[in-house]
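Visitor: Handing you this structure, nothing more for now.
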Amino acid sequence: MKKRFSVKEFQSYISKYTPSKISFWSENQEWYTAADPFKIKMIFSIIAIGESPNIIYLKDETKKEIFFDRVKYICVDDSSTVLGAVFHIHCDKNSHKKDQHDHKKIQKNDEIVYTLVAS
């Protein structure tokens, strides 16, 4: 079932779901292309969530870590794969630019989505 969570709601969801393994693979990302020579596969055992600012940390015992900041919301699909729940983390790209003539903000592709698999 697909659900959309705020960071606070996701924090509550994670405390109940308690995944033991969270995987980040570059090949699972929607921005990945087969021609990309860079591939990364990382597995984490700890997920920590901060509400102010909206940050999601992934860590493990070997001090390996990544984090996602400017998180806008998280979509969870816990029925799409036998590997576990799929988390789509929607982050603000903060790509606001000022127009030199009228100083109004212009938004272009205002978010980037990262996909994680948790089990």
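The values are calculated or read from the model by the stated rules, or taken from the named source; none is laboratory data. The model shown is predicted, which means the values in this text are computed figures rather than measured ones. Heads up, the Cβs are rebuilt from the backbone with ideal geometry, glycines too, and the neighbour counts pull from every protein chain shown.
Visitor: Tell me whether the range 69-79 contains one or more residues that are exposed (fewer than 12 other Cβ atoms within 10 Å of the Cβ) and either in a strand (DSSP E or B) or not hydroxyl-bearing (Ser, Thr, Tyr) (or both).
Guide: Of the range 69-79, the ones exposed (fewer than 12 other Cβ atoms within 10 Å of the Cβ) are 79.
Those left that are additionally either in a strand (DSSP E or B) or not hydroxyl-bearing (Ser, Thr, Tyr) (or both): none.
No; the residues of the range 69-79 include none that is exposed (fewer than 12 other Cβ atoms within 10 Å of the Cβ) and either in a strand (DSSP E or B) or not hydroxyl-bearing (Ser, Thr, Tyr) (or both).
Visitor: To continue, here is another question. Looking at the range 84-95, I want the residues that are on the phi < 0 side of the Ramachandran plot and at pLDDT below 90 and have a partner that is surrounded by fewer than 18 Cβ atoms within 10 Å (Cβ to Cβ) and of a type in the set (Lys, Arg) with Cβ atoms under 8 Å, at least 6 apart or on another chain. Which pairs are those?
Guide: Correct list of pairs: Lys93/Arg70; Ser95/Lys108.
Visitor: Taking the range 25-49 as the region of interest, how many residues are in a strand (DSSP E or B) and touching a helix residue (DSSP H, G or I) at 6+ places or on another chain (Cβ under 8 Å)?
Guide: At the first step, the residues of the range 25-49 found to be in a strand (DSSP E or B) are 25, 41-44, 46-49.
The next check asks that each one be touching a helix residue (DSSP H, G or I) at 6+ places or on another chain (Cβ under 8 Å); those that pass are 41, 47, 49.
Number satisfying all stated conditions: 3.
Visitor: Okay, next question. Any idea which of (1) part of a loop (DSSP other than H, G, I, E, B); (2) surrounded by 14 or more Cβ atoms within 10 Å (Cβ to Cβ); (3) of a type in the set (S, T, N, Q) is the one Ser20 doesn't satisfy?
Guide: (2)
Visitor: Right, here's the next one. Exactly one of these conditions fails for Asn28: (1) free of Cβ contacts under 8 Å to residues at least 24 places away in the same chain; (2) surrounded by 14 or more Cβ atoms within 10 Å (Cβ to Cβ). Give me its number.
Guide: (1)
Visitor: Residues in the range 31-43: is at least one in contact (Cβ under 8 Å) with a residue 40 or more places away in the chain and either over 21 Å from Ile112 (Cα atoms) or surrounded by fewer than 16 Cβ atoms within 10 Å (Cβ to Cβ) (or both)?
Guide: Taking every residue of the range 31-43 in turn, at least one turns out to be in contact (Cβ under 8 Å) with a residue 40 or more places away in the chain and either over 21 Å from Ile112 (Cα atoms) or surrounded by fewer than 16 Cβ atoms within 10 Å (Cβ to Cβ) (or both).
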